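Have a look at the structure below, then the notes.
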Amino acid sequence: MATADQLREAILAQNPTDQQREAIFAEELEFLLRAAPGSGKTWTSCRRFIWRAANWPHPVGGLALLSFTNAAIREFKTATINVGRRDLISDPNYVGTFDSFVERYILAPFGHLLTGADKRPKLFPGPRLGDWNNPQLKVWKDGRGGQKIPVRAWEVIPYPDGTKLRFKASPTSEDLPLAAADHAVHKLLSLGFYTHAQRVFWACKLLFKRPHIAELLAKRFPEMIVDEAQDSNAWLLVLLNFLREKGTQVTLVGDPDQCIYEFSMADATSLLNLKAKWSIPEKPLSQSFRCNNQIAAAVRKVGGNAYFTGAGDGASEWRQAFVVKETSTTLSDGLAAFQRLAGQAGVSINSAAVVGRGHKQLESLRGKANYAKLTGKAKGLATAAFLRDSRHDYRVASQTVERIVRELTGDDPLWERIDTDPNSRERTAVALAIWKFVKSPDRLTPVSQLGDTWIPTMRTQLASLIEEIGLQCGAKLGQHIKATGLSAAQKALPLFESVHEFPEVRQDTIHQVKGESINAVLVIGSTRFWNSVMAAVRSGDNTEDRRLAYVAMTRARHLLVVGLPKEHYDKHSKTWVDWGFRAAT
């Protein structure tokens, strides 16, 4: 096993920058490592973990390295193994996602104490038919005209509001608080379930009710490194604060300008607020190993980090940042310019991506979605078919179909069996049946079919799938798979009218590409979106739209093209050019 000096030399042999070296070997046990896009944040966090864990000064306990994605965790573990220290990623240390940490050390061993149940609670797999009609799992909210709308317990989101606990039915901040929703989520927990949105809430509540558990957890992990800390939601911040009060020392790694998960209650101000509250120093990582100098210089104004720099000059005059005027509703101007510029820059379109804020905007690249106003499970099946037909996303399409089947047959004991043993043959058989269903256009009917024939066909095919799996379905499919939302004219049209000769280029949302490096990126957005970005930059406000634009643009390695709608381009193109973007002609 390598000595401390040998380990230091092995890390230094990987040529860290001065800023990375300072963070890896820092004497401080608590600081905010503010990392710019592509600056090697995960790489640095991992080497910091290796160095601290290999030189562990505490008589007991271990070091926890937490992040939010399995991809980051895999990188952490691979890097640790590659320096010959596989031992560091096992007990007493812990390397994993925040969710898995909460599951393993809080809810799995102690969650049943919240309700006095005999069985440990687990993640809610989906509603059974009986759950929909259980009055104890319902909360009511006010709708238009005084109408009362039911909200099910698995749709309820707890959130802290100052010192008060509140509940809402939607991730958006505009959603009004729900009254008396605590009984519904407690009933769901007493049945043995909690949702993703409720998981850390219950963990916090447990630790507050039994603080000795928090004290033991702080002794178990006297030090923590939190990667992507800007994505910590309100409850994770409460948890970190509480563990720190009990003795855990926390290093935060992240970038406030890349906080784009407000829908899951992440707060862009949290990192800087914690830095001030905890009185910890800040260390920078400002040089990107991804973007070239030209792209970094152009994008710098969009973000809030004035020190953001690139990895060197682009190899040609075409490897830089461009803006293009978009006059087409199918974004044909931007796509044509993107293909032309990629060719001039010597970047294969196969290593490029079109990036937009949401799926609806990306759908407009492929054509017109006539199914957009379908409702319920019919909308879900149409979405699954679109994902398969237009985006070749079989994984998400399969997950969508399984969710619908679960909702229709949730009372069948098969689901409890396969959820208890996810590696069972039954689980494999169900997954295979759904996968075959999605793969076959004769079963999951293509969205190119006319609406008035697609609906009845899908009822028949879904009933066949349920029977094939061997599930009992008490629901009448005609009441769940119906044409509600389709106008008479839309019923006579294909559910989706595609654009012919669409280029074979990857399309993803900004959230899906976060953390990636992509050779060439076309960023698309509405006039409203880009006007919002422009206003935020001019006022100096760190808004969600501004951060989304910044994250999307900083994925680009060699070529960045921003497609601006004509109305915005005509009014603001000079400002974009002043920032360092080149107008594409």
Number of positions in the range 106-117 that are buried (at least 19 other Cβ atoms within 10 Å of the Cβ) and touching a strand residue (DSSP E or B) at 6+ places or on another chain (Cβ under 9 Å): 2
Boolean, Gly84 is part of a loop (DSSP other than H, G, I, E, B), modelled with pLDDT of 90 or more and either surrounded by fewer than 19 Cβ atoms within 10 Å (Cβ to Cβ) or of a type in the set (Gly, Ala, Ser) (or both): no
Leu374, sole failed condition from (1) modelled with pLDDT under 90; (2) assigned to a helix (DSSP H, G or I): (2)
Considering residues of the range 399-414 that are under 26 Å from the mean Cα position of the chain (by Cα) and not charged (D, E, K, R) only, the residue nearest to Ser464 (Cα to Cα): Val405
Which listed residue, of Lys219, Lys246, is exposed (fewer than 15 other Cβ atoms within 10 Å of the Cβ) and at negative phi: Lys219
The range 215-245: number of residues that are free of Cβ contacts under 8 Å to residues at least 40 places away in the same chain and of a type in the set (S, T, N, Q): 2
Which numbered condition Ser170 misses (of (1) surrounded by fewer than 16 Cβ atoms within 10 Å (Cβ to Cβ); (2) of a type in the set (S, T, N, Q); (3) within 25 Å of Gly254 (Cα to Cα)): (3)
Asn519 being open to solvent by 30 Å² or more (accessible area, probe 1.4 Å), within 17 Å of Ala352 (Cβ to Cβ), touching a helix residue (DSSP H, G or I) at 6+ places or on another chain (Cβ under 7 Å) and not in a loop (DSSP other than H, G, I, E, B): yes
Answer from Gln20, Gln6 - the residue that is out of contact with any helix residue (DSSP H, G or I) (no Cβ under 8 Å at 6 or more places or on another chain) and more than 19 Å from Lys514 (Cα to Cα): Gln6
Residue count for the range 394-443, restricted to those that are touching an Asp or Glu at 6+ places or on another chain (Cβ under 9 Å) and β-branched (Val, Ile, Thr): 3
Among residues of the range 474-489, those that are of a type outside the set (Lys, Arg), closer than 22 Å to Trp132 by Cα and without any contact (Cβ under 8 Å) to a residue 40 or more places away in the chain, counted: 2
Total residues in the range 531-585, condition under 21 Å from the mean Cα position of the chain (by Cα), assigned to a loop (DSSP other than H, G, I, E, B) and surrounded by fewer than 22 Cβ atoms within 10 Å (Cβ to Cβ): 2
Whichever residue in the range 112-148 is in a helix (DSSP H, G or I) and touching a Leu at 6+ places or on another chain (Cβ under 7 Å) and, among such residues, is modelled with the lowest pLDDT: Asp131
Criterion: surrounded by fewer than 17 Cβ atoms within 10 Å (Cβ to Cβ), at pLDDT below 90 and β-branched (Val, Ile, Thr) - qualifying residue of Thr428, Thr460, Thr420, Thr409: Thr420
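Under the condition of being hydrophobic (A, V, I, L, M, F, W, C) and buried (at least 17 other Cβ atoms within 10 Å of the Cβ), which residue from the range 26-38 is farthest from Leu243 (Cα to Cα)?
My answer is Ala36.
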Cβ pairs under 9 Å, 6+ apart, first in the range 94-107 and outside any strand (DSSP E or B), second among the basic types (Lys, Arg): Asp99/Arg199; Val102/Arg199; Glu103/Lys122; Glu103/Arg199; Tyr105/Arg220; Leu107/Arg120; Leu107/Lys122; Leu107/Arg199
Residues (in contact with a Ser or Thr (Cβ under 9 Å, 6 or more places away or on another chain), more than 23 Å from Ser316 (Cβ to Cβ) and of a type in the set (Val, Ile, Thr)) located in the range 537-585: Val537, Thr543
Scope the range 414-473; condition outside any loop (DSSP other than H, G, I, E, B), without any contact (Cβ under 8 Å) to a residue 12 or more places away in the chain and under 21 Å from Val396 (Cβ atoms); matching residues: Arg427, Thr428, Leu432, Lys436
The lone exception for Gln512 - which of (1) farther than 30 Å from Ile455 by Cα; (2) in contact with a helix residue (DSSP H, G or I) (Cβ under 9 Å, 6 or more places away or on another chain) it fails: (2)
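Go through the range 39-62 and give me each residue that's touching a residue at least 40 places away in the same chain (Cβ under 8 Å) and either assigned to a helix (DSSP H, G or I) or surrounded by 23 or more Cβ atoms within 10 Å (Cβ to Cβ) (or both). Explain how you work it out, then say what you get.
Filtering the range 39-62 for residues touching a residue at least 40 places away in the same chain (Cβ under 8 Å) gives 39-42, 44-45, 48-55, 58, 60-62.
Of everything in the range 39-62, those that are touching a residue at least 40 places away in the same chain (Cβ under 8 Å) and either assigned to a helix (DSSP H, G or I) or surrounded by 23 or more Cβ atoms within 10 Å (Cβ to Cβ) (or both) turn out to be Ser39, Lys41, Thr42, Thr44, Ser45, Arg48, Phe49, Ile50, Trp51, Arg52, Ala53, Ala54.
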Criterion: assigned to a helix (DSSP H, G or I), at pLDDT 90 or above and among the aliphatic types (A, V, I, L, M) - qualifying residue of Leu365, Leu381: Leu381
Given (1) exposed (fewer than 14 other Cβ atoms within 10 Å of the Cβ); (2) of a type outside the set (S, T, N, Q); (3) in contact (Cβ under 8 Å) with a residue 12 or more places away in the chain, index of the condition His212 fails: (3)
Any hit, the range 238-252, residues being within 17 Å of the chain's Cα centre (by Cα) and within 17 Å of Ala268 (Cβ to Cβ): no
Lone unmet requirement of (1) in contact with a strand residue (DSSP E or B) (Cβ under 8 Å, 6 or more places away or on another chain); (2) crowded, with 20+ Cβ neighbours inside 10 Å; (3) not polar (S, T, N, Q) for Arg300: (1)
Failed item in (1) touching a residue at least 24 places away in the same chain (Cβ under 8 Å); (2) surrounded by fewer than 23 Cβ atoms within 10 Å (Cβ to Cβ); (3) over 30 Å from Gly247 (Cα atoms), with Lys283 passing the rest: (3)
Answer residue from the range 2-25, given it is in contact (Cβ under 8 Å) with a residue 60 or more places away in the chain and in contact with a Leu (Cβ under 9 Å, 6 or more places away or on another chain) and is surrounded by the most Cβ atoms within 10 Å (Cβ to Cβ) among those: Ala23
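The values are calculated or read from the model by the stated rules, or taken from the named source; none is laboratory data. Keep in mind the model is a prediction, meaning the values are calculated, not measured. Note that each Cβ is placed from the backbone with ideal geometry, even for glycine, and that neighbours are counted across all protein chains shown. Just so you know, the surface numbers come from the protein's heavy atoms only, side chains and all, with ligands and any DNA or RNA stripped out. Shrake-Rupley method; radii C 1.70, N 1.55, O 1.52, S 1.80 Å.
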